[in-house]
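Student: Sharing a structure below in structure tokens format, with a few things to ask.
The values are calculated or read from the model by the stated rules, or taken from the named source; none is laboratory data. Everything quoted here is computed from the prediction, not taken from an experiment. Cβ: placed from backbone, ideal geometry, glycine included. Neighbour counts: every protein chain shown. These area figures cover heavy atoms from the full protein model, side chains too; ligands, DNA and RNA do not enter into them. Shrake-Rupley method; radii C 1.70, N 1.55, O 1.52, S 1.80 Å.
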Amino acid sequence: MQIVNPALDDYLNDHSSPADELLRDLAEETRRALPDSARMQVSQDEAALLTMLTQLTGAQLAVEVGTFTGYSSIAIARGLAPGGRLIACDVSEEWTSIARRYWERAGVDERIDLRIAPAADTLRALPAQETVDFAFIDADKVGYPVYYEELVTRLRPGGLIALDNVLQGGLVVDESDQSESVRAIRAVNDTIAADERVSCAMLPVRDGVTLVRKL
Ligand SMILES: C[S@@+](CC[C@H](N)C(=O)[O-])C[C@H]1O[C@@H](n2cnc3c(N)ncnc32)[C@H](O)[C@@H]1O
């Protein structure tokens, strides 16, 4: 199931803030170096949304779960308040070595603290206080319930979490699909909808993005 009609793909990008040369180069290098994985990268219109959400929360502290080659982390880092920082979580030294090069070129490397470890361990090791202003979850889908819980407890009131791929190409409503990742996404979607600590809005952006605001 296509969530967004493919005929609108270019139109959406053309009417969102454009990618600059650096992001275009990163997308191109990712496609060239990692053709089988490049589709994991966020799209240009989603990156524009991430920058705007980071700016709107006035983020001093942001957390990203799932960095890959760095496209979304650059979008978030560019939206941080002066002096702000981004904790980026991933398990791949190889993929994030591309990210590091582009962070340096973008001049945001000093704002990003990359933690190479299973994200659940990285998040659990963060201080328990409500200090996170903005978080973006875009890693292994089975981990989403844990990532959400660890982040929502550390989110400041008024802070925001964005979760990517919450529609799983429409499989969330196809009960014949009982794969582990789709079941995990259904579970976190249900948890969020019933969570009295937050308000939420599920948007049909690309593969589905849920925005969660802590009350
Ligand atoms: C969908 S990609 C992220 C794409 C990225 N947001 C972007 O825009 O380019 C998912 C990433 O999650 C990472 N990942 C997978 N399992 C993980 C885990 N348990 N902890 C942390 N990162 C993980 C993968 O290495 C991969 O880089």
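Student: Tell me which of these LEU126 doesn't satisfy, since it passes every other one: (1) within 11 Å of the ligand (Cβ to nearest atom); (2) among the hydrophobic types (A, V, I, L, M, F, W, C); (3) out of contact with any Ser or Thr (no Cβ under 9 Å at 6 or more places or on another chain).
Tutor: (1)
Student: Give the range 156-180 a look and list any residue that's among the polar types (S, T, N, Q) and surrounded by fewer than 16 Cβ atoms within 10 Å (Cβ to Cβ), or say none.
Tutor: Scanning the range 156-180 gives SER176, GLN178, SER179.
Student: Take the residues of the range 42-55 that are within 12 Å of the ligand (Cβ to nearest atom) and open to solvent by less than 20 Å² (accessible area, probe 1.4 Å): which is nearest to ARG213 (Cα to Cα)?
Tutor: Per the stated criteria, the residue is LEU50.
Student: A further question on this structure: Every residue in the range 56-99 that is within 7 Å of the ligand (Cβ to nearest atom), among the aliphatic types (A, V, I, L, M) and open to solvent by less than 10 Å² (accessible area, probe 1.4 Å), please.
Tutor: The answer is VAL65, and nothing else.
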